[in-house]
């Protein structure tokens, strides 16, 4: 066990944990950020995706020690009001069904748009393929990412 | 950011290693980090005991232990008292004895009790009082708690059921299966295990916390209010001032909306709300409050009702010419011919009595949690309220949200007593901040803020004059009352009317004059508190009646009997008394207390006294004018036919209404109590009900439930009649069977009829509603005091007064109630006992005191004294046979009415013990000593014996 400093959603937390504890459980249990979901614990479903310094990672296989000192963004911190361009697009395209994978989907999409503001279908599929959606909302996810890209482009910002 | 410290501790048998801040309390570690919310927050100062846990086997206030101090410790919380799914014998004993009401103190109480029985397996009542004396229970279930702890072993190894205990109280026998029986409380199992969820126990994803900045001045103009620095603090999500909230006045009575969500340009008492900050955690929100820059221009203030009326006194609401001279409400009532009444009197006496500012002090502080639903502009509010409907309505009106879009949910409420009957700034601010931030917002008052928000009892100064004939018959009563209302109206208009309206209900008063002035002052606003407006005038009346009885040498009980109200009477102020067994309560109290052997025959220092009271069974009119049912209910039969759900928005606040309503439903439908699910107090799930105030639930909500249940019964009898080949009217439903009344063997199972009904025509749903008859006189304020039925009660108290110190020990209280049919004797007597304790606090201990600058000097449970278990006298609660035709199964009010006799009875007993009258509340040792010094009672008594005492004494 050791005390580490975690920067989550712009706020620093001093956390006492084993370095090897998956980041997922520290987020959910210690910090109470339950928007990040557990789906498999083996990096196979993507429901636990969070951003680490802007990059999408699977928090279930990321040791908390690895995240210490870096910027973690969870679904709760993507925007102050829950209306990031990707979230707005998600609502407009009515993407969510059961919603369980959606935090992971949205963060992965946000990471994608962060590096590639105007992805094509193939690029979207490549980036999103690791996040499973059993409801099969993939078509709408693709449309929503295009919409978010367009909106962000129209607004003159990435 | 502070470095965290490693703490390793065992909680309920499980080891935890956590990082904590140096200032984290054990209480916060348990509640926030381990999510064990059975440990309650009542004061955070080690005064109330609600947070008691066991630390290495010893009870501690977890709010007073730092988490780091608990390093290496073994902690037991309420969740760990018994293995999962089981109950400790103490918990079973609490359930079976009805040793809880609101349940907020229950976890702490149980852990203190556990520590005691570990040391003393067979504790004596004195050991129990001593060990549990630090755990305050404002519902005052003390007598039952003592009994539950004393007899805990009886429940060892005994399985729990909901049936009445053998030998449990059973007052009246009306041939019913469920009504009239002491079934266990519906909510008791959750309340003894820490599972009951109160508003502040709730956690929602993304939830943030908000705190309100209040005025440090009793009266000032706000020149500037700048939240820039607060907003800039890391962790702050939003900050609002008056500029950010709707500029709309709100309040309770539509005639006087005078409050703002946040003060706009003027603050009117120390505690007036100025700005609010939401942050990721409470500590940050509190820190941010200190970064708000407010520039005040202090103004002269007024703190006394009499001063406030003087020409030239500072005006609390100068913007409204209606409130010149600070008169908030003026009542001017004349009934009969007061002059003729006094002219007919053989003896007249007038005295001045002064009450105190008492506070409800529920152990659960107010809390509100709001979440916007992102769907069609809807919001959900969880709030610790006793009137969810009025909260919904006031939010709708003030914030401009359609009422149907506001979902109000009342979680468990940890005591209310009138203090949670109005919409608070917490409700408004939580909703506004949740909309602003898109996140759920939790707000709660701490103990000091509770006192500042107040809405407690008005302090009244009462000039009361009674005229009687030689035989004690009352000919006229005149009452002039000055009420200190504080800075806002709250319930005060109604209070001012109630202070006069209820006086003629107990005794026959042919001629009555009442003039009331409710005054604005720069103190926290007063509102409705148990007995609403009536306890102090009743104290005055009962004291003055005893003085008169002494003057004309009539026994105090006898003079009451001679004037006692009779059934089916219209009072001089047009209140319709339906059932009334007041006289019987007096006679029974006289007999059961051994009055004739004791009155005037006890040694000096010991005394006996009588007092009486009575109250409405629900107000005849809602707070706002509307032609609506006052209560409504829906009952749905579950498809297996072996359960029903009762959906109602009447508010269980500890008084036991859920239990009583389930009993009424079960009795009417002829099914066991255990079959009923209570779906309570969620405006989405249950139809409208006005809530819990004015002692309305049993009669009004009970009637709505009875109607809904009778409609279910009708539906099932229709199905059963076809099967059994008879008319539906020939059937009886009882004990889960439906049978032909004349041939009980021709029957079918209730569940079979229910499943058949579902398969034939879908869901079986019964709806019911209640509206009172047209009541009251055609004069201003004629609606206040109206009710379909009135309760009556008599209390005889015995006290022991230490003539050296003035200390009063209450030895015995015997209460006899006329409350109609008792639905559940266990919860009924619990209400009476609780009311008696609150009355004892009010007469002997309680007073909110303000300093010269309008600050509260005792805003905590250490300096503001409420009765603890150590002050519990021997209490007997009895009933007389009574039946109220307007109530469900003959029931009417209990619980508010029973506070009313207490103050008079104690004052009269103290007089019997000492020979002096103390006419000022609370009757403290200092006041008794002063009176003893001034009055030289021995001489007076001599005089009284030697002279005939007729004539006028003023």
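The values are calculated or read from the model by the stated rules, or taken from the named source; none is laboratory data. Computed from a predicted model, the values in this text were never measured in an experiment. FYI the Cβ positions are ideal-geometry reconstructions off the backbone, even for glycines, and counts take in every protein chain you see.
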Among the candidates B:29, B:110, residue that is in contact (Cβ under 8 Å) with a residue 24 or more places away in the chain, crowded, with 24+ Cβ neighbours inside 10 Å, within 14 Å of chain A (Cβ to nearest Cβ) and in a helix (DSSP H, G or I): B:29
Candidate set from segment B:465-506 (those that are in a helix (DSSP H, G or I) and touching a helix residue (DSSP H, G or I) at 6+ places or on another chain (Cβ under 7 Å)); member that is nearest to residue B:355 (Cα to Cα): B:499
Considering only segment A:1-36, state which residues are within 14 Å of chain B (Cβ to nearest Cβ), farther than 22 Å from residue B:21 by Cβ and either out of contact with any strand residue (DSSP E or B) (no Cβ under 9 Å at 6 or more places or on another chain) or not in a loop (DSSP other than H, G, I, E, B) (or both). A:34, A:35
Kindly indicate the residue of segment B:261-273 that is part of a strand (DSSP E or B) and either within 14 Å of another protein chain (Cβ to nearest Cβ) or surrounded by 24 or more Cβ atoms within 10 Å (Cβ to Cβ) (or both) and also farthest from the chain's Cα centre (by Cα) among those meeting that condition. B:267
Unmet requirement for residue B:238, which otherwise passes all of (1) away from every other protein chain (no Cβ under 14 Å); (2) not in a helix (DSSP H, G or I): (1)
Would you mention how many residues in segment B:878-926 are within 18 Å of residue B:700 (Cα to Cα) and not in a loop (DSSP other than H, G, I, E, B)? 5
Checking B:527, B:500 in turn, the sole residue that is surrounded by 24 or more Cβ atoms within 10 Å (Cβ to Cβ) and under 30 Å from residue B:263 (Cα atoms) turns out to be B:527
Can you pull out the residues in segment B:564-597 that are free of Cβ contacts under 8 Å to residues at least 24 places away in the same chain and in contact with a strand residue (DSSP E or B) (Cβ under 6 Å, 6 or more places away or on another chain)? B:570, B:583
State whether the residues of segment B:340-360 include one that is surrounded by fewer than 20 Cβ atoms within 10 Å (Cβ to Cβ), without any contact (Cβ under 8 Å) to a residue 60 or more places away in the chain and on the phi < 0 side of the Ramachandran plot. yes
Name the residues in segment A:23-36 that are buried (at least 18 other Cβ atoms within 10 Å of the Cβ) and either at positive phi or touching a helix residue (DSSP H, G or I) at 6+ places or on another chain (Cβ under 7 Å) (or both), would you? A:23, A:26, A:33, A:34, A:35, A:36
Options B:448, B:513: the member that is assigned to a helix (DSSP H, G or I) and surrounded by fewer than 22 Cβ atoms within 10 Å (Cβ to Cβ): B:448
Answer yes or no as to whether residue A:69 is under 14 Å from the mean Cα position of the chain (by Cα), within 14 Å of another protein chain (Cβ to nearest Cβ) and in a loop (DSSP other than H, G, I, E, B). no
In the set A:96, A:111, which member is part of a helix (DSSP H, G or I), in contact with a helix residue (DSSP H, G or I) (Cβ under 8 Å, 6 or more places away or on another chain) and in contact (Cβ under 8 Å) with a residue 12 or more places away in the chain? A:111
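Within segment B:247-260, restricting attention to residues that are within 31 Å of the chain's Cα centre (by Cα) and assigned to a loop (DSSP other than H, G, I, E, B), which residue is farthest from residue B:223 (Cα to Cα)?
This residue is B:253.
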Within segment B:890-924, the residues that are closer than 30 Å to residue B:174 by Cα and surrounded by fewer than 24 Cβ atoms within 10 Å (Cβ to Cβ) are B:890
So residue B:72 ticks every box in (1) buried (at least 18 other Cβ atoms within 10 Å of the Cβ); (2) away from every other protein chain (no Cβ under 14 Å); (3) not in a helix (DSSP H, G or I) but one. Which box is left unticked? (1)
Restricting segment B:722-750 to residues that are touching a strand residue (DSSP E or B) at 6+ places or on another chain (Cβ under 9 Å) and not in a strand (DSSP E or B), the residue that is nearest to residue B:640 (Cα to Cα): B:750
Among the numbered criteria (1) farther than 23 Å from residue B:95 by Cβ; (2) touching a strand residue (DSSP E or B) at 6+ places or on another chain (Cβ under 6 Å); (3) at pLDDT below 95, which single criterion is violated by residue B:679? (1)
Filter segment B:242-256 for residues that are crowded, with 17+ Cβ neighbours inside 10 Å and in contact (Cβ under 8 Å) with a residue 40 or more places away in the chain; the one that is farthest from the other protein chains (Cβ to nearest Cβ) is B:256
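Quick grid of which residues meet (1) surrounded by fewer than 18 Cβ atoms within 10 Å (Cβ to Cβ); (2) assigned to a helix (DSSP H, G or I):
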| position | (1), (2) |
| --- | --- |
| B:559 | no, yes |
| B:567 | yes, no |
| B:573 | no, no |
| B:590 | no, yes |
| B:597 | yes, yes |
Given (1) in contact with a strand residue (DSSP E or B) (Cβ under 9 Å, 6 or more places away or on another chain); (2) within 30 Å of residue B:500 (Cα to Cα); (3) buried (at least 24 other Cβ atoms within 10 Å of the Cβ), residue B:456 misses just (1)
Among (1) outside any loop (DSSP other than H, G, I, E, B); (2) under 23 Å from residue B:887 (Cα atoms), where does residue B:787 come up short? (1)
Can you tell me which residue within segment B:1-20, out of those that are assigned to a loop (DSSP other than H, G, I, E, B) and touching a helix residue (DSSP H, G or I) at 6+ places or on another chain (Cβ under 8 Å), is farthest from the other protein chains (Cβ to nearest Cβ)? B:13
Look through segment A:37-52, keep the residues that are outside any loop (DSSP other than H, G, I, E, B) and surrounded by 21 or more Cβ atoms within 10 Å (Cβ to Cβ), and return whichever of them is nearest to the other protein chains (Cβ to nearest Cβ). A:50
So residue A:55 passes all but one of these: (1) within 13 Å of chain B (Cβ to nearest Cβ); (2) surrounded by fewer than 22 Cβ atoms within 10 Å (Cβ to Cβ). Which condition number does it fail? (1)
